[in-house]
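I have placed the structure first, in the form of structure tokens, so that the comments after it can refer back to it.
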There are 4 protein chains.
Amino acid sequence: MKRYELAGRRKLAWTDQAAVPVPGPAEVLVRVGAGTICNRSDLVYYHYLGEREHCGQGVFGHEIAGTVEAVGAGVSRAVPGDRVFVRTPLTSGFAEFALAREVAVGKLPEQVPFTAGAILQLLPLAVHATRGVRLGDRVAILGQGPVGLMTLQVAVRRGAAEVVVADLDPWRLERSASLGAHRTVALTDGGRVDRDPIGAEFDVAIDAVGTPHTVNACVDLVRCSGLVVLLGTHHVDTHVAVDLITWEKKGLRVHTAAEPTDTDRAAAMAVAERLAPAIALTPLLTESYPLERLPDAIERLSASSLLYPAGAPGPYPGPPPRTLKLAIVP
Amino acid sequence: MKRYELAGRRKLAWTDQAAVPVPGPAEVLVRVGAGTICNRSDLVYYHYLGEREHCGQGVFGHEIAGTVEAVGAGVSRAVPGDRVFVRTPLTSGFAEFALAREVAVGKLPEQVPFTAGAILQLLPLAVHATRGVRLGDRVAILGQGPVGLMTLQVAVRRGAAEVVVADLDPWRLERSASLGAHRTVALTDGGRVDRDPIGAEFDVAIDAVGTPHTVNACVDLVRCSGLVVLLGTHHVDTHVAVDLITWEKKGLRVHTAAEPTDTDRAAAMAVAERLAPAIALTPLLTESYPLERLPDAIERLSASSLLYPAGAPGPYPGPPPRTLKLAIVP
Amino acid sequence: MKRYELAGRRKLAWTDQAAVPVPGPAEVLVRVGAGTICNRSDLVYYHYLGEREHCGQGVFGHEIAGTVEAVGAGVSRAVPGDRVFVRTPLTSGFAEFALAREVAVGKLPEQVPFTAGAILQLLPLAVHATRGVRLGDRVAILGQGPVGLMTLQVAVRRGAAEVVVADLDPWRLERSASLGAHRTVALTDGGRVDRDPIGAEFDVAIDAVGTPHTVNACVDLVRCSGLVVLLGTHHVDTHVAVDLITWEKKGLRVHTAAEPTDTDRAAAMAVAERLAPAIALTPLLTESYPLERLPDAIERLSASSLLYPAGAPGPYPGPPPRTLKLAIVP
Amino acid sequence: MKRYELAGRRKLAWTDQAAVPVPGPAEVLVRVGAGTICNRSDLVYYHYLGEREHCGQGVFGHEIAGTVEAVGAGVSRAVPGDRVFVRTPLTSGFAEFALAREVAVGKLPEQVPFTAGAILQLLPLAVHATRGVRLGDRVAILGQGPVGLMTLQVAVRRGAAEVVVADLDPWRLERSASLGAHRTVALTDGGRVDRDPIGAEFDVAIDAVGTPHTVNACVDLVRCSGLVVLLGTHHVDTHVAVDLITWEKKGLRVHTAAEPTDTDRAAAMAVAERLAPAIALTPLLTESYPLERLPDAIERLSASSLLYPAGAPGPYPGPPPRTLKLAIVP
């Protein structure tokens, strides 16, 4: 089969002779309909493999949708022919086939094409990340990239009375407004986050960017006993200085976003499967590329200031312009 | 009335002519039976007032027990003559009388003397701090000063299946064992915390010290989806570098300890009042001093390495030797 | 002032010389803009006062909106001039003024007229009643009277993936569909509830009717470990035979609906105040009557089969035709 | 192998030629070390099989401990040789071997003999049943048979500030006191439960008997917004008349006890395995019988008034005298 793999820093390895994986017990083989590029980890792995330890530990191409081709022993939640989306497979998703654990597979609603369906992988993440949002809460979300827009939709569904979102890119904020944000704030000044005009005393502040500035800004935005959610992965500046005496005075709570255990993941996936038909995906999908053009898609997404450390900002001052998810079709 | 106040860095102001405060609406005036010195904030305020911003914001002498002398309008939970403990008064507790908000006042069990009773102020804190401990959990507590020993007792009452505690001072660990710790670990090497011999994969790790090293050690001790509780106040090194990519991989949750809202405080106080008769206090009380000897008591507690920044360790390598709570009796 | 009170079974007492109440501590005096009739308790009190013990224990006319006229000592959440809704006052709401405890008063959004605003009293009830509804749940609601329609709106806001509602009156179900019900079921056969066509294995089933049949039907509709919510008041047939071995096999949980403590009520009210601007009220309001015509409004609502015991059904086979809330304007 | 099965009303079928079951996928074969008789369902099945529908639906002999003999495909939590207890097997536990689903199997602590170990089956039940007990709660438990005594131990471990227990048999209450009950009440007058001398305003009331009287008494004992736990199985009088207007006024919550889903069961079992070493079992074990004498043991336990309907009380006025659990050893 055809497959792209990450072979080194900024180095993609192509083959059309890769062996199709064979599902072991509790594993599922998926014929990939489409994959989307993760604007955070795929990009950071690409730019820092070999330089940062964690970049060799994740799967490159971990957002896919497709059709179940075969299942291993003991699999009960999927049968060949099922249309599915996958929350992190075991093998590269930039390929014709990918292997996944059964718990990572969710049912794809009938009407959703694979290109949009791959984005559903963000839904169980957003479900788990927002587990602390309660009916009537006031919620701030910093960052309206794909994960921020998905989280916005779930926060609204959890009954937040007010969701305020912020991003550098006004083009993204138009989508936010159409997806339920009660107020949108266009950041300027290099992305500096202030109480004015965002507001303060939020019940929950969600950092969907993942920089030292945004995580500490979230602490500033929440009320006493408020909740800060770390959703954007801190891939580049992994170590962040936080002001713990402020945390203590506020009686802060902090949640990280990803579902770390199978129990958490299964629960989030079950909810995601039920919500999936009502989630808007096409506003998050910008364009599709054939598998062979993966390098072009990665180059396009690499125009992101988030790929550079806080102290040494990159050549581009914001997120990739007018771009959310890019799909890769084998 | 007699009163000590903090007048500047390492400077106590004494008077025997202070005006007795008058309780306003929802306030209670308490005739102080005894106060205990907070080994963290009272000490840090004393040593850093004027040098660190937060040191002027709290009340000096905030742990007291006594008798209600008068109540303001609308007070329904206390009447003159009630024996009470106070979780943070509005005026210095190193005095003959102190003022407190009604929500800060808890009923002192009959048999508890005031010197031990002042320590009960730690109980609602420990109740709130351990709100994430569940039946069957494995819990690690770093630090077995007064707050660590109180938290140990509450963690055991919450049904923790295993509570492992660690401290530099073996004398303290004898108390830990008698108060329900399933295992005690004497730290050496300047307090360095390691999985061996403490263990790993804890459901909850509680930092009852409050240094950059102990908070990050707690992250290391917990399992995926585990909970870290920030209980020891980060008074000296307030800004701590944390490794957020590890937080994300673990799916970490973080709770701070103090009850930041009146709703939280009232709930914790109600539970504390019910638990109070069964809590061991005398093992936490080392000695009583008359009010006039407050300076001696403070000097004794100042032999604590925690009063010095991590980069510039103080002259003394651990907690004040063979000392837990010191009571001050007007 | 003018006032209607309940003076005996089916006997209203009118006066225009009633004394205006004076607010005591923590009480609020409200100039009534409008009140709505409770289709359950007001009606049952009217028809059974003196015959059933509980009918003399509640307040007649307990759903009002208006303007704060005066406040008692210690009131901090309301000032004269505030537009408010009240969740159960202390004195008859069918009057020019009514007294309420501070905790019972919620802020009325600017754009909401008093006649619709009085219905907001159902919102904190619906918030509390649905506290067990979680994101992604499948929910069944039996009964689409005013409280059922309000609960539908809150269940949707809590992120229910599917809300199925049932009622005898197709006219009501049109409103249900417009307010977010995913599926509506018109009951026939005297209101008999069956899995076909409603469905089964619901996560939550809410009895918004309150008859022996509907409560047991809810037990049948939920999955193992499911939740049954008793929302419709069991005013007429107060004692109901339930099959506890089925409860045990299902691992059933049961919630009653009303907020029984001040803590519960304050929490529900705070959420209700935040949600209020987005709640649809006019679809629930059928007509307004001047205070003098209260008897006519009560007669209209008395065409309800729910006012008669299960064994001795009344002359009318369903809810009052084409009628939801009736407002009474002093 | 040897085996007793229930063949009809009050009719035990014996064989020594039964086939040893073969574990299928996710199943475990256990060599039975001992089983205990369930004082509720085993007894009711024996006395009512064929007369009450549910008596043919459960497993006769469902409390066992033993050694894993073999495991089916996909089993990961048990290997042959493991000492285990089983929470409800798939085949009769009054036999030399029994089959169980993997989720039903818990690790037996080393020092616990099989006769006592079989009683551990009650532990995950008690863990789940008490899920609503919180730190500081006041808890009443009606009934101090084996399940009541186990629940008492878990309620204490959950941090209940006061646990009051009641039973007809003072011999049982001596055990209650030694196992942590703060107060014991010997019921007289046929088991009538009154607020005096039990008390009132409990946060949680647990019916560990299972009669119409005890379930309604629990409603009377709890405070507003309190929790009633239905723990004793309503096997004989399955349909109980409850007063729903009182439920509504109290804002009651009700939990049933058994873990109805695999997720609930796995969670309760995981906690039970951790708590098991600290649970007192021998006070609950009265005597052991060889398998052949199962009929004698059943006869002894049949002296229980609970085996007769409320309207037609049996010949014996209380629980089997001086008897808790009887173990059956193959």
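The values are calculated or read from the model by the stated rules, or taken from the named source; none is laboratory data. Since the model is a prediction, treat every value here as computed from it, not as a measurement. Here Cβ is always computed from backbone atoms with ideal geometry, including for glycine, and neighbour counts include all displayed protein chains. Remember, those area values only see protein heavy atoms, side chains included, never the ligands or the DNA or RNA. Shrake-Rupley method; radii C 1.70, N 1.55, O 1.52, S 1.80 Å.
How many partner chain Cβ atoms sit within 10 Å of a residue's Cβ in peptide D:230-243, on average, as a whole number?
5
How far is the Cα center of the range C:212-248 from the Cα center of the range D:1-74, in Å?
32 Å
When a/c reaches 1.5 or more, the comparison of a/b and b/c decides; with that in mind, is the protein assembly as shown rounded, prolate or oblate per its Cα gyration tensor?
rounded
Amide H to amide H under 5 Å from A:Tyr308: which residues, 5+ apart in sequence or cross-chain, H placed 1.01 Å off N in plane?
Answer set, sorted by chain and number: A:Gly314.
Quick one: of the DSSP bridges fully inside chain D, what percent are antiparallel, nearest 5?
In chain D, approximately 50 percent of DSSP beta bridges are antiparallel ones.
Students often forget the sequence filter, so: which lysines lie under 20 Å Cα-Cα from D:Lys2 once same-chain residues fewer than 8 apart are removed?
The reachable lysines, counting only those whose Cα sits under 20 Å from D:Lys2, are D:Lys11.
Quick one: check the C-alpha center-to-center distance for the range A:132-149 versus the range C:109-188, whole angstrom.
25 Å
What shape does the range A:192-326 take by its C-alpha gyration tensor, where a ≥ b ≥ c are the square roots of the eigenvalues and a/c under 1.5 counts as rounded, a/b above b/c as prolate, and the rest as oblate?
oblate
Could you state how much accessible area is buried at the D-B interface, both sides summed, with a 1.4 Å probe, in Å² to the nearest 100?
Buried: approximately 1100 Å² between B and D.
Ignore the peptide's own chain and count Cβ atoms of other chains within 10 Å of each Cβ in C:273-283; give me the average, rounded.
For this peptide, the per-residue mean of nearby foreign Cβ atoms is 2.
Calculate what fraction, in whole %, of the accessible area of the protein assembly as shown sits on carbon and sulfur atoms when a 1.4 Å probe is rolled over the protein chains.
52 percent
Under the Karplus relation 6.51 cos²θ - 1.76 cosθ + 1.60, θ = phi - 60°, what is the ordered set of whole-Hz ³J(HN,Hα) values for the range B:152-159, x standing for Gly and Pro?
Ordered by residue, 3J(HN,Hα) equals 3, 4, 6, 4, 5, 5, 7, x Hz.
Based on DSSP, what percent of beta bridges with both residues in the protein assembly as shown are antiparallel, to the nearest 5?
Here the antiparallel bridges make up roughly 55 percent for the protein assembly as shown.
Using the Karplus equation 6.51 cos²θ - 1.76 cosθ + 1.60 (θ = phi - 60°), what ³J(HN,Hα) coupling, rounded to whole Hz, does each residue of the range B:203-211 give in order, writing x for Gly and Pro?
6, 9, 10, 10, 8, 9, 10, x, 10
With Cβ to Cβ distances under 11 Å as the rule, what net charge do the other residues near D:Glu51 carry (K, R +1; D, E -1)?
Neighbourhood net charge equals +2.
Using modelled backbone amide H atoms (1.01 Å from N, in-plane), which distant-in-sequence or interchain residues come within less than 5 Å of B:Gly33's amide H?
Sorted by chain and number, the residues that satisfy this are B:Ala65, B:Gly66, B:Thr67.
I'd like the distance separating the alpha-carbon centroids of the range D:254-330 and the range A:259-297, in whole Å.
49 Å
Shortest first and in nm to one decimal, what separations exist between D:Ala278 and its copies in the other chains, measuring from label points 7 Å along the Cα-to-beta-carbon line?
1.2, 4.3, 4.4
What does the charge count around B:Phe202 come to, taking other residues whose C-beta lies under 9 Å from its C-beta (Lys +1, Arg +1, Asp -1, Glu -1)?
Local charge sum for B:Phe202: -2.
Any idea what the relative contact order of chain C is, in percent, if you count C-alpha pairs under 8 Å spaced at least 6 apart?
With pairs under 8 Å counted, the relative contact order is 18 percent.
Going from most exposed to least, what order do B:Thr246, D:Thr282 have by accessible area with a 1.4 Å probe?
Largest accessible area first, the list is D:Thr282, B:Thr246.
Accessible surface of B:Ile64 in the full protein assembly, 1.4 angstrom probe, to the nearest 10 Å²?
B:Ile64 exposes around 0 Å² with every protein chain in place.
Give me the inter-chain shielding for D:263-270: mean count of other chain Cβ atoms within 10 Å, whole number please.
2
For A:Ser288, which sequence-distant residues (separation of 5 or more, or a different chain) have an amide H within less than 5 Å of its own amide H, given hydrogens modelled in the peptide plane?
The list, which skips near neighbours in sequence, is A:Ala327.
Give me a comma-separated list of calculated 3J(HN,Hα) values for the range A:260-275, in order, Karplus coefficients 6.51, -1.76, 1.60 applied at θ = phi - 60°, integers in Hz, x for any Gly or Pro.
x, 10, 4, 4, 4, 5, 4, 5, 5, 5, 4, 5, 4, 4, 6, 7
Leaving out ligands and nucleic acids, and using a 1.4 Å probe, what accessible area per residue does the protein assembly as shown come to in Å²?
That works out to 36 Å² for each residue.
Need one value: the accessible area of A:Phe114 in square angstrom, 1.4 angstrom probe, rounded to the nearest 10.
60 Å²
Using a label point 7 angstrom from Cα along Cα-to-C-beta, what distances in nm, from shortest up, separate C:Glu51 from the other copies?
4.0, 8.1, 8.4
Keeping every protein chain in place, order B:Ser302, D:Ser178 by accessible area at 1.4 Å, biggest value first, i.e. largest first.
D:Ser178, B:Ser302
From the Cα gyration tensor of the range C:209-263, with a ≥ b ≥ c the square roots of its eigenvalues, which class applies: rounded if a/c is under 1.5, or else prolate if a/b is larger than b/c, or else oblate?
Taking the square roots of the gyration eigenvalues as a ≥ b ≥ c, the range C:209-263 is oblate.
Under a Cβ-only charge scheme (Lys and Arg +1, Asp and Glu -1), can you give me the dipole magnitude of the range C:1-46 about the Cα centre, in debye to the nearest 20?
For this selection, approximately 220 debye.
If each DSSP helix of 4+ residues adds -39,500 (n - 2.57) and the sum is divided by the residues in chain A, what number results at 222 nm, nearest 500 deg cm²/dmol?
Dividing the helical sum by the residues of chain A leaves -7000 deg cm²/dmol.
At a 10 angstrom cut-off on C-beta neighbours, averaged per residue, how do the peptides A:212-218, B:287-293 rank from highest to lowest?
A:212-218, B:287-293
Take every DSSP beta bridge with both residues inside the range C:44-136 and express the antiparallel ones as a percent of the total, to the nearest 5.
Percent antiparallel among DSSP bridges in the range C:44-136 is about 90.
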